[in-house]
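Written below as structure tokens is the structure these notes are about.
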Amino acid sequence: MKYIKWFSDVNMADVSSVGGKNASLGQMISQLTQQGLRVPNGFAVTAEGYWHFINSNHLPEPIKKLMNQLTEIQDLKKLRQIGQSVRSLIVGGTMPEDMKKEIVAAYHLLSKEYDQKETDVAVRSSATAEDLPTASFAGQQETYLNVRGDNHLIEACKKSMASLFTDRAIVYRTEKGFDHFKVALSVGVQKMIRADIGVAGVIFSVDTETGFKDVVMIESSFGLGESIVKGLVTPDEFVVFQKTLEQGFEPIIKKKIGQKDQKLIYKDDPKEPTEIVPTTKEEQDSFSLSDQEILELARATTIIEKHYSEINNRWMPMDIEWAKDGIDKKLYILQARPETIHGIKEEKNILYRFELQAKEKPTVLLMGQSIGQQIISGPVRVIQSADFIDQVQKGDILVTDMTDPDWVPAMKRAAGIITNRGGRTCHAAIVSRELGVPAIVGAQGATKILHDEQIITLDCSQGMDGFIYEGAIPFKVISIELKELPKLPIELLVNLADPDRAFTVSQLPVDGVGLARVEFIFSNDIKVHPMALLQPEKIKDQKIKEKINYISRAYPSKEDFFIQTLAQGVGTIAAAFYPKPVIVRLSDFKTNEYGNLLGGQYFEPKEENPMLGFRGASRYYHPLYKDAFVLECSALKLVRDKMGLVNMQIMVPFVRTVNQAKQVGELMAQHGLKRGENGLKLIMMCEVPSNVLLMDKFAQYFDGFSIGSNDLTQLTLGVDRDSQLLAKQFDERDEAVKLMLEMAVESAKKLGKYIGICGQAPSDFPELAQFLIDLKIDSISLNADSVLPFLFWYKKKS
């Protein structure tokens, strides 16, 4: 065959003939199927075939004539008219007879291979620049699904060729300086996987927001995968940590259920071969993949990334499409291409951080998923359809339901983008990253709540959640050159509460995590009092019961929901810093804070002063909380034993007496967290004066200490740190507090034990940090926003 190449006969050396997508499919079929990857077969109509079609229909001159009229690509109206005219010329052409015969013959062979008369295929375009075969044209051309029969295939091939002249593709080539007539298009014809009655999605072998390397990020939804790419649904999201996966562990560090309210399925109509239908309640309330399927996809991704990195002699993160067949229940890789944002970035030598400078708490109008780790302010421009995109002015914040490739020219002018729908791999998110424009996707109701000319602030600086605030909120950008960092005489650690910020914070120049607070995971992810999950019969309010059932709906049991959710949050933090130490503090809510969790009022006593009440170590073995603490132990055991994250150490807070230390240690050991086993270290918060005075006795139960300056100050000075009236008297620099700090550090040094500080004080008072450095403390753990200012201060002082 002159114009057809089977996938099994091509590899990455054939990009100039079959384009990147098709060459990559051939590479995987020939090189990776023996490692267990399943890739559906198919064939490519070559770039030579494209030119044969164009020349046989005498199209070069008419197309050039039309393209010469496009003198200004910013003229969106003209761009749309010319793009449409060129596409019409191509679709209206006649397929040359010799080429048609080859396509039909190849299709019949493919159908025979799958024991079908007319098999269902996907027709995808794969662009190639003759003079630059490695150019990325991802997402600029169209895909046609559920194509059956000779005539429909020929039509789909013509439409695919025509999509070389989509508006976005024209703009891209013009901006990159490509000659429109030196870029060809190869058509890929691939056997479809029955994801319409199964599941499909997208995978990145890198965190798409932060560029964190060692994760596999899977998005998944019921039905055909186009529903995710086009932003029709907010998909399920799963994250797997590669480093311990390769060691044989099962590190699923995130499982987030999406709003999968519709799906794309086959329709028995050649003119409209797919349709959108609602999902069932069962589909909406369950994860679309099992844990074993998540791990299988992650392993396949690791194989693909490793292979492409080897043949390119550099790290090559991958962007992969996959599907689960609803008939044979197996997972298939549909295509794989290099990820085009982080994979081509040079190593960053400068760190930038955006920080809000609001004097008062800003008014949150909406929330969604953040893209781009920036903050911007500007006027709203609500656009309901692509027909009105020329209304978007430079500096506007574009607000719409969802974007598609036709929106790109307007997205380039926008300062920020907000969509009602979509997840982290939808069109709006991918293009925003490419353009370096911050975006918030899946902000439900944005087009109704926001209005033209309204001034708002987009905050994408706080991890996964993006916030839209009323008004222009001031912010600052902090930067530091990594090569100019001073060498510290101590370990610099960071305090962290929100797992969604872990990958970002891990890029700071720190030696690990000195305090990982689990309370944030309790209140934001679990949301339910653990005893309410164990004893739901004690809850009298039916609405609370219904809320708890809804929150835990995707898990086999309520206990399983708690254990997995806590383990995933802690696991994310431990993975972000792996193999650096991450010290996780056991839960230290006060009774009033536990009481605020769903169902909490049925399990918490009312206390006059919760700060000095039923908190910390004293809860763990008490009948009122012991069963919940056992769940906590199970979650942390899962992080170490199942996820393989043995860099996680455990810290016990608010230990009042030596006997408490002994009891808690014994209880933890009974439930799989035995000090010293598999390198497990137990650290004690040094925050009660008895901890300082009896450090030699406490030391027999712990491997080290971490000073909690907030509570130590409160209890040394007798000042309630929650009291507004006494706020001025709460001062960590007080002579008595400094004496306590000195005694703690010196005692630990004499005992040969590790000692650090994780309280607020060194973040607020550099002079106190200097005092501790002079005492030769082992580590100082700061809040993330204090790390760079602290380093600036130390560098200046030095």
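For S186, which sequence-distant residues (separation of 5 or more, or a different chain) have an amide H within less than 5 Å of its own amide H, given hydrogens modelled in the peptide plane?
Residues meeting the amide H criterion: S126, A127, T128.
Which value, in debye to the nearest 20, gives the size of the charge dipole of the range 1-124 about its Cα centre, when Lys and Arg are +1 and Asp and Glu are -1 at the Cβ?
380 debye
Average projected area of the Cα convex hull of the range 1-118, in nm²?
Quarter of the Cα hull surface area: 9.8 nm².
Give me log10 I(q)/I(0) at q = 0.05, 0.06, 0.09 Å⁻¹ for the chain, Debye formula, one equal scatterer per alpha-carbon, no solvent.
Taken in order of the listed q values, log10 I(q)/I(0) reads -0.31, -0.44, -0.91.
Ordered by residue, what ³J(HN,Hα) values in Hz, to whole numbers, does the range 286-302 give under the Karplus form 6.51 cos²θ - 1.76 cosθ + 1.60, where θ = phi - 60° and Gly and Pro are x?
Values, residue by residue: 10, 6, 7, 10, 7, 4, 5, 5, 4, 5, 4, 5, 5, 5, 4, 4, 5 Hz.
Compute the long axis of helix 97-113 from its Cα atoms, compare it with the longest principal axis of the Cα atoms of the chain, and write down the angle in degrees, 0 to 90, nearest 10.
Around 50 degrees separate the two axes.
Cβ neighbours within 10 Å, averaged per peptide: list 512-519, 698-705, 772-779 in order, most packed at the top.
Averaged packing, sorted descending, gives the order 512-519, 698-705, 772-779.
Tell me, what is the per residue accessible area of the range 365-499 in Å², probe radius 1.4 Å?
Accessible area per residue: 36 Å².
Can you say what percent of the DSSP beta bridges in the chain, counting only those with both residues inside, are antiparallel? Round to 5.
Bridges in the chain that DSSP calls antiparallel: roughly 65 percent.
Counting only protein heavy atoms, what percent of the accessible surface of the chain is carbon or sulfur at a 1.4 Å probe?
50 percent
Calculate for the chain the 222 nm mean residue ellipticity that helices alone would give, adding -39,500 (n - 2.57) per DSSP H run of length 4 or more and normalising by residue count, nearest 500 deg cm²/dmol.
Taking each H run of at least 4 residues, the total per residue is -10500 deg cm²/dmol.
Charges only on Cβ, +1 for Lys and Arg, -1 for Asp and Glu: so what's the dipole of the range 494-538 about the Cα centre, in debye to the nearest 20?
Result for the range 494-538 is approximately 100 debye, rounded to the nearest 20.
Could you tell me the distance between the Cα centroids of the range 493-508 and the range 552-626, to the nearest Å?
20 Å
Under the 0.36 nm per residue contour assumption, what length would be gained going from the current alpha-carbon distance of K476 and K243 to full extension?
80.4 nm
At a 10 angstrom cut-off on C-beta neighbours, averaged per residue, how do the peptides 475-481, 640-646 rank from highest to lowest?
Sorting 475-481, 640-646 by mean packing, highest first, produces 640-646, 475-481.
Counting every Cα pair in the range 572-725, what percent are over 23 Å apart?
It works out to 40 percent of all Cα pairs.
Direction-averaged shadow area of the convex hull around the Cα atoms of the range 239-328, nm²?
Seen from a random direction, the Cα hull of the range 239-328 projects 8.6 nm² on average.
Rounding to the nearest 20 debye, state how big the charge dipole of the chain is about its Cα centre with +1 on each Lys and Arg Cβ and -1 on each Asp and Glu Cβ.
It comes to approximately 500 debye.
Here are some pairs, K527/K606; K213/K243; K697/K753; which of them have Cα atoms lying more than 18 Å apart in this structure?
K527/K606
Before I look further, what does the range 709-768 give for accessible area per residue, probe 1.4 Å, in whole square angstrom?
Accessible surface, normalised per residue, equals 52 Å².
Using the C-alpha atoms of the range 636-770, what convex hull volume per residue, in cubic angstrom, is computed?
124 Å³
What is the set of long-range amide H partners of K254 at a cut-off below 5 Å, with H atoms built 1.01 Å from backbone N?
V239
So, in Å, what gap is there between the alpha-carbon centers of the range 83-110 and the range 654-699?
74 Å
Can you figure out the FRET efficiency of N151 with R721, using R₀ = 60 Å and their beta-carbon distance, to the nearest 0.05?
In this case the efficiency is close to 0.20.
What does the convex hull of the Cα atoms of the range 731-798 come to per residue, in Å³, rounded to a whole number?
81 Å³
Per residue of the range 783-795, what does 6.51 cos²θ - 1.76 cosθ + 1.60 with θ = phi - 60° give for ³J(HN,Hα)? Whole Hz please, x for Gly and Pro, Karplus curve as stated.
Along the range 783-795, the couplings run 5, 4, 6, 9, 4, 5, x, 5, 5, 4, 4, 5, 5 Hz.
Roughly speaking, what is the centre-to-centre gap between the range 28-58 and the range 391-455 when only Cα atoms are used, to the nearest Å?
If we compute the Cα centre of each part, the gap is 34 Å.
The values are calculated or read from the model by the stated rules, or taken from the named source; none is laboratory data. Only a predicted model underlies this, so the values are computations on that prediction, with no experimental measurement involved. For neighbour counting, all protein chains shown are included, and Cβ atoms are generated from backbone atoms with ideal geometry for every residue, glycine included. Ligands, DNA and RNA are excluded from the accessible area calculation, which covers all protein heavy atoms including side chains. Shrake-Rupley method; radii C 1.70, N 1.55, O 1.52, S 1.80 Å.
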